[in-house]
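Colleague: Sharing a structure below in structure tokens format, with a few things to ask.
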Amino acid sequence: MGSPKDGKTESPEVGKTGSWEVGKTGSWEVGKMGSPKDGKTESPEVGKTGSWEVGKMGSPKDGKTGSWEVRKTGAENYLCRMNIGFDAKRAFHNGTGLGHYSRTLVRSLAEFFPEHEYYLFNPVSSSSFSLAGSHLHEVQPAGWLNRCFPSAWRSSRVKKDLRRLKIDLYHGLSHEIPVGIRSTGIKTVVTIHDLIHERFPEQYNFFDVKTYRKKFRYACDKADRVIAISEQTKRDIMHFYHTPEEKIRVCYQGCNPSFGIRVSEEDKAAVRKEFGLPAEFFLYVGSLVGRKNLLGICKALFLLRHELDIPLVVIGDGNEYKLQVMDYLRQNGLEKKVIFLSAAESAKRSEAFRTATVFPAIYQSAIAMIYPSFFEGFGIPVLEALWSGLPVITSNSSCMPETGGPGSYYVDPASADEIATGMKTIYEDKAFAAQMRSKGLEHAKQFTPLKCASAVMEVYKECW
């Protein structure tokens, strides 16, 4: 392999070891993966170049003089390719948190780690979402039996396709891995987003709880590594399923980078006009279920009815709980204070709304995001709001301080008074709101697509 001499660039050979000559300097370039940071003994930073000053710190392996094995240190070498498979059902079909996580992660991996090939196993063709790229390959069931029973293909029979395509590692993006996959010798990773069905079983159908418990526990038991999307979720996995801590890795999720791009005033005005939104509004985004606490926000609106004439825009839908919320609004004369945007005809016929393309413009038009959930695995709307430069009111419990960071306004989710105080404070105190925006954006930088994809890639490398 040799060492860099007289400013020449050499690349370590995959699988081979060698040493850097002490006292020599030069640059190191490995395929497309970049090179070590100047003067630092740490892993190469993707996409950047620099030189090692070997006279000061020895070789690139842990700051010691000696050998360096490319496969096992630093960034993944461009020539060390993996075929990575994904359970992509929700990436193609889900418009809420699980779908956003899947699409953002897969796209980020393909962008920042193009040396690998990514196979997306989708049980049924979709017109809702697409994932295309030079390193992305959609795989659907072949043969009449698998096409007739796509759920069986996804949960077990997909193993034949994994072998055929020489998949090195399979990632279950939402709580599941195929039954019996260990027999194939393929390494497995599973992401667990939350265990809400264990904490709040009363909010689910009895048989759904049994099914989820069986699938989640199996995945945690059989996968080589378990990714938890927050420290809260990690604690729950250890508590409910007794998964060893050394098997779990916390990899925070990112959000669509479009939320971090400033939308022009003209475009925001156009979006407000298209969907009939007022000039000022508070925003809630999420499923309409009890634990997410939309009713608590409505009670805060009632407390503020004589002080603030600012409506709430709701993005999300539900069934029984939504009816409960609407009944409260009718009883208290608040029907015009809450706009259920997802139910509006303008939203139903808009592909840009269905795919969340217009969400950054809606977020950036709002006064604040209100998200006083009783319990979450991560709370992706909070991160989307922080990237959008939007003040956030959220809960002081579960994982919300992890996601919201030091710039969010924290409340007891059971206290409508605290929620109302936060809404009034942010609306009236412009300097305070500006400070929240600044701190929120700084905290959001911990969750860039590159950082989130790199954390997951490190887990893959542990397995492979």
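Colleague: Need a quick list: helices (runs of 4 or more DSSP H) entirely within segment 192-253 having at least 2 residues that are in contact with a His (Cβ under 8 Å, 6 or more places away or on another chain).
Modeller: Passing ranges, in order: 206-222.
Colleague: If you go through segment 403-414 one residue at a time, how many are surrounded by fewer than 16 Cβ atoms within 10 Å (Cβ to Cβ) and in contact (Cβ under 8 Å) with a residue 24 or more places away in the chain?
Modeller: Residues meeting the conditions: 2.
Colleague: Could you list, in sequence order, all residues of segment 291-344 that are of a type in the set (Phe, Trp, Tyr) and in contact with a Gly (Cβ under 8 Å, 6 or more places away or on another chain)?
Modeller: Our first condition is that a residue be of a type in the set (Phe, Trp, Tyr); within segment 291-344, this holds for 302, 321, 328, 340.
Result: Tyr321, single match.
Colleague: Going by the conditions given, is Val289 among the hydrophobic types (A, V, I, L, M, F, W, C), in the same structural domain as Tyr427 (by TED's automatic domain parsing) and within 26 Å of the chain's Cα centre (by Cα)?
Modeller: yes
Colleague: For segment 99-126, name all the residues that are touching a Pro at 6+ places or on another chain (Cβ under 6 Å) and surrounded by fewer than 20 Cβ atoms within 10 Å (Cβ to Cβ).
Modeller: Answer for segment 99-126, where residues must be touching a Pro at 6+ places or on another chain (Cβ under 6 Å) and surrounded by fewer than 20 Cβ atoms within 10 Å (Cβ to Cβ): just Val124.
Colleague: Restricting to segment 259-290, what's the tally of residues that are surrounded by fewer than 16 Cβ atoms within 10 Å (Cβ to Cβ) and either part of a helix (DSSP H, G or I) or aliphatic (A, V, I, L, M) (or both)?
Modeller: Residues that pass the stated criteria total 9.
Colleague: Would you confirm whether any residue within segment 426-439 is of a type in the set (Val, Ile, Thr), buried (at least 17 other Cβ atoms within 10 Å of the Cβ) and not in a helix (DSSP H, G or I)?
Modeller: No: segment 426-439 contains no residue that is of a type in the set (Val, Ile, Thr), buried (at least 17 other Cβ atoms within 10 Å of the Cβ) and not in a helix (DSSP H, G or I).
Colleague: Among (1) modelled with pLDDT of 95 or more; (2) assigned by TED's automatic domain parsing to the domain that holds Ile393; (3) within 30 Å of Lys214 (Cα to Cα), which single condition is Glu320 missing?
Modeller: Here Glu320 clears every test but (1).
Colleague: Working only within segment 179-213, note down all residues that are within 17 Å of Ser155 (Cβ to Cβ), surrounded by fewer than 21 Cβ atoms within 10 Å (Cβ to Cβ) and of a type in the set (S, T, N, Q).
Modeller: Ser183, Thr184, Thr211
Colleague: To continue, here is another question. Which numbered condition trips up Asp309, out of (1) free of Cβ contacts under 8 Å to residues at least 12 places away in the same chain; (2) in contact with a Ser or Thr (Cβ under 9 Å, 6 or more places away or on another chain)?
Modeller: Every condition holds for Asp309 apart from (2).
Colleague: Name the pairs: first residue in segment 253-270 and basic (Lys, Arg), second residue crowded, with 19+ Cβ neighbours inside 10 Å and assigned to a helix (DSSP H, G or I), Cβ to Cβ under 7 Å, at least 6 apart or on different chains?
Modeller: So the pair list comes out as Lys268/Ala361; Lys268/Gln364; Lys268/Ser365.
So that you can scan it fast, the table gives a plain yes or no per residue for (1) touching an Asp or Glu at 6+ places or on another chain (Cβ under 7 Å); (2) among the hydrophobic types (A, V, I, L, M, F, W, C):
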position	(1), (2)
His239	no, no
Thr243	no, no
Cys251	no, yes
Phe259	yes, yes
Val289	no, yes
Asn293	no, no
His306	no, no
Gln324	no, no
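Colleague: Any residue at all in segment 375-388 that's more than 19 Å from the chain's Cα centre (by Cα) and under 20 Å from Glu280 (Cβ atoms)?
Modeller: The answer is no; no qualifying residue exists.
Colleague: Taking the condition closer than 25 Å to Gly404 by Cα, buried (at least 20 other Cβ atoms within 10 Å of the Cβ) and not small (Gly, Ala, Ser), does Ile297 pass?
Modeller: Details: closer than 25 Å to Gly404 by Cα: yes; buried (at least 20 other Cβ atoms within 10 Å of the Cβ): yes; not small (Gly, Ala, Ser): yes.
Yes; evaluated as a whole, the condition is true for this residue.
Colleague: Determine if segment 159-167 includes at least one residue that is buried (at least 21 other Cβ atoms within 10 Å of the Cβ) and touching a Lys or Arg at 6+ places or on another chain (Cβ under 6 Å).
Modeller: no
The values are calculated or read from the model by the stated rules, or taken from the named source; none is laboratory data. No experiment lies behind these values; they were computed from the predicted model shown. No Cβ is skipped: glycine too gets one built from the backbone with ideal geometry, and neighbour counts run over all protein chains shown.
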